[in-house]
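Have a look at the structure below before the remarks.
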Amino acid sequence: MDARLATAVQCMQAGRLTEAERLCRAILAAAPNDAPATHLLGFVAYKAGRPRDAIDLIGKAIALDETNADCHFNMGLALLAAGRPAEAATHFARATALKPAYAAGVENLVSLIMARANEAMAQGQIEAAIAGFGQAAALKPDFAEAHGNLGVALMAQGRPVEAAAAYRQAIAIKPTMVPVYRNLGRCLVVQGDVLGAIELARRALEIEPTDDIKIFFVRSVRSLPSPAAAARELAAFRPLLARALAEGWGKPSDLAQLAAELVKPQPARDDALLLAHLTTTPVGDLALERWLTDERRRLLMDGDGTDETLTFACALAQQCFINEYVFAEDEDETRRVAELRDVVAAGRAAGALQIATLAAYVPLHRLPNARALLDRDWPEPVRAVLAQQVQEPREEADDRARIPALTAVADPVSRAVRDQYEEMPYPRWVRLPLADAPLPIDQHMRARFPHAPLRPVGRAGGADILVAGCGTGRHPIESARRYAGAHVLAVDLSLGSLAYARRKTRELALANVAYAQADLLELGGIERRFDVIECAGVLHHLADPWAGWRILLSLLRPNGLMFIGLYSRRARAAVRRARDFIAERGLGPSAADIRRFRQELIARDKADPLKPVTRMADFCTTSNCRDLLFHVQEHQVEIAEIKAFLAANRLTFIGFELDPAVEQNYRRRFPRDAAMVDLDGWDAFEADNPLTFANMYQFWVQKP
Ligand SMILES: C[S@@+](CC[C@H](N)C(=O)[O-])C[C@H]1O[C@@H](n2cnc3c(N)ncnc32)[C@H](O)[C@@H]1O
């Protein structure tokens, strides 16, 4: 080697780039076609951060000596630095072909690039992450993880079409990468291809039935815009749906509509999907309700049957308990039920089918000798009915005495509301969905609202959470499972609801939820403060919702987050009509009046202005129907009022909880509102789509 070239190499290695460059130029002045000096000058340019010069010079060196592996490798580095990874890959491949030892060099390089891209992603530098994963994928086209991570980064940037392409590539390379199926499925949901997402979930479940995929399957089903329209194509999914319901992969109510659509064309007593539906969630389909009502009557009147009949009768009894005996009943049935009740109450030996049939008309715990039923031997389906209708209510009755009172309940409206929920705790839920792995609150919120103006709550050790108006516990239990290390205090007016919640919490062996009876209007006097306060479906039942909200705000720490659910005036137009009708008719909130009212609406013509309420999820059980239409106290609000409240209390709006498809529609209409926090935009969106918030305005705000 030319001595000057050797010195130039030493200078370059020591970082003295100007000196190295001067020496190379001196060599080239005398011999312009000196390949090693040209190469070195190019490499120095690369080191100096001038990749374009490097590409020119190293390219020239390669033209002079195409078989130099080092030149090709360094050319690859320069091309990478210039953002041309595909060409870089060609040169790395050539370098490796000429000198196999370079394979390890390329491998290390890819690892380094991946590590940097992952780091960029973790810090929210999505552009840099996309560049990095793209480079890694170009350098190593069969590297499935690089394609998969590229998809995640593209999705985070709101580019679902490209993300889907990256995910498909990852799956093509490595068909066993189950999480990528879920990610691809999410892209498809956002693009409106829900059936495609459900099919992906099915394929992934065949490879490895992870909890993540089970959860994703249910969420995809929930995203179906019209389960009725999709039923034919999803007929093959019956067994999966039955498993999802029976094993509790997701909220049973998310699967109910599709299950009903699949069952009702040919309902059969031994249909596993029907049985799973009956035992887990109220039937919301009116045609199926009609069939079940008739079947129940037949069971009562016929009075005998096979084992199959017993299994069905027990499932039906569980359904009737869950829906609080909302089905219609005629006078013959009432008479026959009274006779049957006398038989059982008198302690005369009643058969399994008689017990099951009776339990489909009245809750067994109301019978005078209900406990004695627990002492007898029963087939398994009857045992399940007795657990539901005798054992569990008994535990709840014991629990009531153990629930501490945190405040008095003095306000007249609070007392009336308490009495309503004492009579009919809401909601009567059966099974909780599988939970995502818990995350610290800040991480969870950042993932949920990637573009929102969030500040860290900063409770690494676990947030203190208050659930105000916790009802029967589904809400606080979900919060306790969602946030790592959370400590939850859940309060409600109704001891019946709290007892139900307490029993469910015990069943799930959750130790981080404490319950107390309290009126949120009185909570201003307690000393505890919270990082998160959740209050969904409660404030609109106060005399003054805004006053209640202000009291809760006083309990929130700085930077604390609040989740609120309030009725939308626009979405509840049909409910207002129904409430007027109920008032005109002088109907009361008794179970009998609710049943009568429902039957009258069900019988009405499709075009009747009251008909839309029959399609609301809460129409299908007695307590839900009471909550929906017969409430003692109800306010409905508008987005403008929420906006004014946030401004007056200096609260930052973080975002609505909505289905991804709705979010996507909003994004299309308001592409400039990337964080989706413009309440005027949402107001305009709701004006065009009045049922957007049929399930309440549910949103997060943050305190300054
Ligand atoms: C419609 S339920 C909602 C329950 C629960 N948040 C959920 O989403 O499942 C309303 C609950 O709020 C409770 N509630 C209403 N007013 C309240 C008040 N002033 N203080 C505490 N709880 C109240 C009721 O007792 C009832 O259980």
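Please give the Cα centre distance for region 161-215 versus region 1-38, rounded to the nearest Å.
The distance from the Cα centre of region 161-215 to that of region 1-38 comes to 53 Å.
Between helix 238-247 and the chain, what is the angle of the helix's C-alpha long axis to the longest principal axis, kept within 0 to 90° and rounded to the nearest 10?
Roughly 80 degrees between the two axes.
Can you give me the orientation-averaged projected area of the convex hull built on the Cα atoms of region 574-620, in nm²?
Here the figure is 3.1 nm², rounded to one decimal.
For region 286-399, what is the charge dipole size about the Cα centre, in debye to the nearest 20, if Lys and Arg each add +1 at the Cβ and Asp and Glu each add -1 at the Cβ?
Dipole magnitude for region 286-399 comes out near 240 debye.
Show that you can apply the helix-only estimate: for the chain, add -39,500 (n - 2.57) for every DSSP H stretch of four or more residues, divide by all residues, and state [θ] at 222 nm to the nearest 500.
Details: 35 runs with 407 residues, N = 704.
Computed ellipticity for the chain at 222 nm equals -18000 deg cm²/dmol.
What share of the DSSP beta bridges in the chain is antiparallel, in percent to the nearest 5? Could the numbers behind the result be given before it?
Working: 10 of 32 bridges.
Of all bridge pairs located within the chain, approximately 30 percent are antiparallel.
If you find the alpha carbon centre of region 345-416 and of region 541-604, how far apart are they in angstrom?
Region 345-416 and region 541-604 have Cα centres separated by 28 Å.
Most exposed first by the Cβ proxy, i.e. fewest other Cβ within 10 Å, how do His39, His451 rank?
If I rank by nearby Cβ atoms, fewest first, I get His451, His39.
Compute the separation of the alpha-carbon centres of region 88-110 and region 619-640 and state it in Å as a whole number.
With region 88-110 and region 619-640 each reduced to a Cα centre, they are spaced 67 Å.
Quick check for me: using +1 on Lys/Arg Cβ and -1 on Asp/Glu Cβ, what's the dipole size of region 574-620 about its Cα centre, in debye to the nearest 20?
100 debye
Tell me, Cys11, Cys314 in order of fewest to most beta-carbon neighbours within 10 Å?
Cys11, Cys314
Let me check against my output: what whole-number percent is the relative contact order of region 3-100, with C-alpha pairs under 8 Å and at least 6 apart?
About 19 percent, as a whole number.
Can you order the peptides 226-234, 419-427 by their average number of other Cβ atoms within 10 Å per residue, highest first?
419-427, 226-234
For Glu107 paired with Arg596, estimate the spin-label separation in nm (one decimal), with each label point 7 Å from Cα along the Cα-to-Cβ line.
A separation of 8.1 nm, rounded to one decimal place.
What is the sum of charges, Lys and Arg at +1 and Asp and Glu at -1, for the other residues whose Cβ falls under 12 Å from the Cβ of Ala117? It would help to have the intermediate numbers written out before the result.
Numbers: positive: Arg116; negative: Glu119, Glu127, Glu145.
Summing Lys and Arg as +1 and Asp and Glu as -1 gives -2.
Farthest toward the dipole's positive end in region 130-253, which of Gly134, Ala156, Val194, given Cβ charges of +1 (Lys, Arg) and -1 (Asp, Glu) about the Cα centre?
Positive-end residue among those listed: Val194.
What is the calculated FRET efficiency for Arg203 to Glu395, with r their C-beta to C-beta distance and R₀ = 30 Å, to the nearest 0.05?
The value I calculate is 0.10.
Please report, in debye to the nearest 20, how large the charge dipole of the chain is about its Cα centre when each Lys and Arg carries +1 at its beta carbon and each Asp and Glu carries -1 there.
Here the size comes out at about 1140 debye.
Along the charge dipole of the chain, which of Phe670, Pro368, Phe685 sits closest to the positive end, that is, farthest toward it, with unit charges on the beta carbon of Lys, Arg, Asp and Glu (+1, +1, -1, -1)?
The one lying farthest along the dipole's positive direction is Phe670.
Before anything else, pin down the relative contact order of region 503-581: Cα pairs under 8 Å, at least 6 apart, normalised by residue count, whole percent. Before the final figure, lay out the partial values.
Working: 64 pairs, mean separation 25.7, N = 79.
It rounds to 32 percent for region 503-581.
What's the exposure ranking of Thr90, Thr692, Thr18, going from fewest to most Cβ atoms within 10 Å?
Taking fewest neighbouring Cβ atoms as first place, the list is Thr18, Thr90, Thr692.
Could you tell me which of Met301, Asn108, Val417 has its Cα farthest along the dipole of the chain towards the positive end, charges placed at Cβ (Lys, Arg +1; Asp, Glu -1), taken about the Cα centre?
Asn108
At 37 °C and 0.692 mPa s, what whole-number value in µm²/s does Stokes-Einstein give for the translational diffusion of region 476-537, with Rh from the Kirkwood sum over Cα pairs?
Estimated via Stokes-Einstein, D reaches 263 µm²/s.
Modelled label-to-label distance, His444 and Asp332, 7 Å Cα→beta-carbon offset: nm?
5.3 nm
Which length gain, in nm to one decimal place, applies between Lys174 and Arg667 when the Cα-Cα distance is subtracted from 0.36 nm times their residue separation?
174.2 nm
Over the chain, what portion of Cα pair distances is larger than 37 Å, expressed as a whole percent? Intermediate values should be presented prior to the final figure.
Details: 125021 of 247456 pairs.
Value for the chain (Cα pairs over 37 Å): 51 percent.
Restricting to Cα pairs below 8 Å that are 6+ residues apart, what does the relative contact order work out to for region 286-399? Please round to a whole percent.
So the answer I get is 31 percent.
Stretched out fully, how many nm does the piece from Arg22 to Ala345 gain, at 0.36 nm a residue minus the Cα gap? Intermediate values should be presented prior to the final figure.
On the way: separation 323, 0.36 × 323 = 116.28 nm, distance 10.63 nm.
Contour length minus the Cα-Cα distance gives 105.6 nm.
Where a number appears in this text, it was derived from the coordinates with a stated rule and is not lab data. What you are looking at is a predicted structure, and each value in this text was computed from that prediction instead of being measured. FYI the Cβ positions are ideal-geometry reconstructions off the backbone, even for glycines, and counts take in every protein chain you see.
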